[in-house]
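Peer 1: Below you will find the structure I want to go over with you.
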Amino acid sequence: MNTDSTPVVISVPESAAPDRADKVLTGLLAPRSRAQVQRLFDDGLVFLLPDASRPLTRKHKLNPGDTLRIFLPPPPEILPSPTDIPLEILFEDAHVLAVNKASGTVTHPGAATGKDTLVHAALHHTALAPSDDPSRPGIVHRLDKDTSGVILLAKTPEALANLINQFSERKLEKQYLALVHGRPTLLSGSIRVPLGRHPTNRVRMSVREEEGGRPARTDWAVEERFGSCATRLRCWLHTGRTHQIRVHLAHIGHPLLGDATYTLKNIPPNRALPPAARVMLHAERISFFHPITNLPLRILAPIPSDFLDVQEELRSRFGGDRIMPTPT
């Protein structure tokens, strides 16, 4: 939970009808949009008093007289100001901008960000489509701060609506490269376990088989083995949950190199492994339909040097056993 969040206590009026929590709070927290209110639930910031032992879900039924504690983040800036930051542009036309996001760059403004996000940089380059959250113009999807790779931004309202729909209907294909601990016994697999906010650590996600988990699917295949110490995987993301690949791979016992948040405690430090300065995850390609022409597009993001350096060091120390060719 962000330390800048402000706790407020709100009671559901006696005159209100029982309804979903996100619908009730949208009316009580105006002028926030429903999408902004839903993010409060997704971020685990809404609790029912007096228990408040676990955050509520969007679908929780609220009744007249219920009392809630809500941790409200500070209001975002009305519109991020353009900032002259270099962009590695992979594709651009009048409707779509595809960028190779560098590791360390935050996708969009938030409670604890500065004026150096990808959105700030993109606005210096071009206009972006307005969204229901003024701080997130053009945002179709996001990548974690440490994750590098291709990300799409919409330049027109038509493109924004179409691309969001493609994501929600899973019409896109997203492929990631990951360097992980250990050596999977299988050559490929599919991880299908629900994810949600960690019940006690609000900055983490976790596998949530019980209430609060949302369906999530990650497919993976081995591309190269580095002895028994590490492996390069290609991952196909079928849903877009926060930290999905990181949590899923840790769940099957192969956390990402450089990921201190999700590296399992029962995996002892391996001093033979080269140090990784960040999470070794790269969004290498995305395939989708152009939002206006409906023509298929595939955007590839070159693998960054820090990822390649760790990969080459693994090869030099343990050898490289390539299992399958990289798809074209």
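The values are calculated or read from the model by the stated rules, or taken from the named source; none is laboratory data. Keep in mind it's a predicted model, so treat the numbers as computed, not measured. Every residue, glycine as well, gets a Cβ built from its backbone with ideal geometry; the counts of neighbours run over all protein chains shown. The area values use the complete protein model at the heavy-atom level, side chains included, leaving out ligands, DNA and RNA. Shrake-Rupley method; radii C 1.70, N 1.55, O 1.52, S 1.80 Å.
Peer 1: Simple spin-label model, 7 Å along Cα-to-Cβ: residue 132 to residue 294 in nm?
Peer 2: The modelled label-to-label distance comes out at 2.6 nm.
Peer 1: Sort 213-224, 147-158 by the packing proxy (mean of other Cβ within 10 Å over each peptide's residues), most packed first.
Peer 2: In decreasing order of mean packing, 213-224, 147-158 become 147-158, 213-224.
Peer 1: Enumerate by residue number the trypsin sites (Lys or Arg not before Pro) in the stretch 231-327 meeting two conditions: DSSP loop (anything except H, G, I, E, B), and at most 15 other Cβ atoms within 10 Å of the site's Cβ.
Peer 2: Working: sites: 232, 234, 241, 246, 265, 271, 278, 285, 298, 315, 317, 322; in loops: 241, 265, 271, 278.
Passing both the DSSP loop test and the Cβ count: 265, 271.
Peer 1: Could I ask something else about it? From the backbone phi of the stretch 240-248, what are the Karplus-calculated ³J(HN,Hα) couplings (6.51 cos²θ - 1.76 cosθ + 1.60, θ = phi - 60°) in whole Hz, Gly and Pro given as x?
Peer 2: x, 6, 4, 6, 4, 4, 4, 6, 4
Peer 1: For the chain, modelled as a Gaussian network with Cα springs under 10 Å, which listed residue fluctuates most, 92, 284, 210?
Peer 2: Maximum among the listed residues: 210.
Peer 1: Please report Rg over Rh for the chain, where both radii come from the alpha carbon positions and Rh follows the Kirkwood definition.
Peer 2: Numbers: Rg = 20.9 Å, Rh = 21.3 Å.
Rounded to two decimals, Rg/Rh equals 0.98.
Peer 1: Moving on to the next point. Which value, in Å², gives the accessible area per residue of the chain when a 1.4 Å probe is used on the protein heavy atoms?
Peer 2: Spelled out: the 1.4 Å probe surface of the chain, per residue, equals 47 Å².
Peer 1: Could you name the lysines in cross-link range of residue 101, using Cα to Cα under 18 Å and dropping any fewer than eight places away on the same chain?
Peer 2: Candidates past the 8-residue exclusion: 115, 145, 155, 174.
Peer 1: In whole percent, and with a 1.4 Å probe on the protein chains, what portion of the accessible area of the stretch 65-136 is carbon and sulfur? Present the calculation step by step, with values, prior to reporting the outcome.
Peer 2: Working: 1900 of 3270 Å².
The nonpolar share, carbon plus sulfur, comes to 58 percent.
Peer 1: In whole percent, what relative contact order does the chain give with Cα contacts below 8 Å and a gap of six or more residues?
Peer 2: Details: 683 pairs, mean separation 48.8, N = 328.
That works out to 15 percent.
Peer 1: With a Förster radius of 25 Å, plug the Cβ-Cβ distance of residue 185 and residue 236 into 1/(1 + (r/R0)^6) and report the FRET value to the nearest 0.05.
Peer 2: 0.80
Peer 1: Toward the positive end of the charge dipole of the stretch 1-154, about the Cα centre and with charges on Cβ (Lys, Arg +1; Asp, Glu -1), which of 31, 148, 49 goes farthest?
Peer 2: Ranked along the dipole, the leading option is 49.
Peer 1: Over the stretch 35-156, calculate the relative contact order: mean separation of alpha carbon pairs under 8 Å at least 6 apart, over the residue count, as a percent.
Peer 2: Relative contact order, the stretch 35-156: 24 percent.
Peer 1: Check which residues have an amide H placed less than 5 Å from residue 182's amide H, if you skip close sequence neighbours.
Peer 2: For residue 182, the qualifying residues are 230, 231.
Peer 1: Long-range amide H contacts for residue 96: which residues qualify at under 5 Å (H placed 1.01 Å from N, peptide plane, sequence gap of 5 or more or a different chain)?
Peer 2: Excluding prolines and chain starts, which carry no amide H, the hits are 155.
Peer 1: How much length is gained on full extension from residue 260 to residue 15, taking 0.36 nm per residue of separation minus their Cα-Cα distance? Present the calculation step by step, with values, prior to reporting the outcome.
Peer 2: On the way: separation 245, 0.36 × 245 = 88.20 nm, distance 4.83 nm.
Fully extending the segment from residue 260 to residue 15 adds 83.4 nm.
Peer 1: Still on this structure, please answer the following. For the chain, set up a Gaussian network in which alpha carbons nearer than 10 Å are linked by springs, and say which option among 163, 187, 56 fluctuates the most.
Peer 2: Of 163, 187, 56, the Gaussian network model singles out 187 as fluctuating most.
Peer 1: Sticking with this one: Could you name the lysines whose alpha carbon sits less than 17 Å from that of residue 59, not counting residues in the same chain fewer than 8 places away?
Peer 2: 23
Peer 1: Work out the FRET efficiency for residue 210 and residue 63 from their Cβ-Cβ distance, taking R0 = 22 Å, and round it to the nearest 0.05. Before the final figure, lay out the partial values.
Peer 2: Values: r = 22 Å, r/R0 = 1.01.
E between residue 210 and residue 63, to the nearest 0.05, is 0.50.
Peer 1: Right, next: Using a 1.4 angstrom probe on heavy atoms only, work out the carbon and sulfur share of the accessible area of the stretch 260-325 in %.
Peer 2: 57
Peer 1: With no solvent and one point per C-alpha, what does the Debye sum give as log10 I(q)/I(0) for the stretch 194-328 at q = 0.13 Å⁻¹?
Peer 2: Log10 of I(q)/I(0), two decimals: -0.66.
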